[in-house]
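Single-structure report; data block below.
Laboratory data are not the source of any read-out in this text; all were calculated from the coordinates shown. No experiment lies behind these values; they were computed from the predicted model shown. Here the Cβ is made from the backbone with ideal geometry for all residues, glycine too, and neighbour counts use every protein chain on show.
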Amino acid sequence: MQILSTLYAILLVVVPLLLGWLIMWKMYISKYEFVRELLGYKKENKEKPKSRRVTNVELVSNQNKSHLNKGFN
């Protein structure tokens, strides 16, 4: 009988600790690359989102600006 009560006491401590670790892992800890590397998980390759810009922006040089200023003189 003493052995069963000892086992129950150990389970009463270990099970909540494991459940707490699992919940924290899913919600928070797994997002840190350092922790994943310590535990031996491979880095997940996530695609970077594409730029929202549709066209390239061209910089206007001083030569191209000269015709823009003519109307204001």
Could you list, in sequence order, the residues of segment 26-40 that are outside any helix (DSSP H, G or I) and of a type in the set (A, V, I, L, M, F, W, C)? 39
Over segment 1-25, the set of residues surrounded by fewer than 10 Cβ atoms within 10 Å (Cβ to Cβ) and either within 14 Å of the chain's Cα centre (by Cα) or part of a loop (DSSP other than H, G, I, E, B) (or both) is 1
Which residue pairs have Cβ atoms closer than 6 Å, lie 6 or more positions apart in sequence or on different chains, and pair a first residue in segment 4-29 that is closer than 28 Å to residue 41 by Cβ with a second residue that is of a type outside the set (Asp, Glu)? 29/35
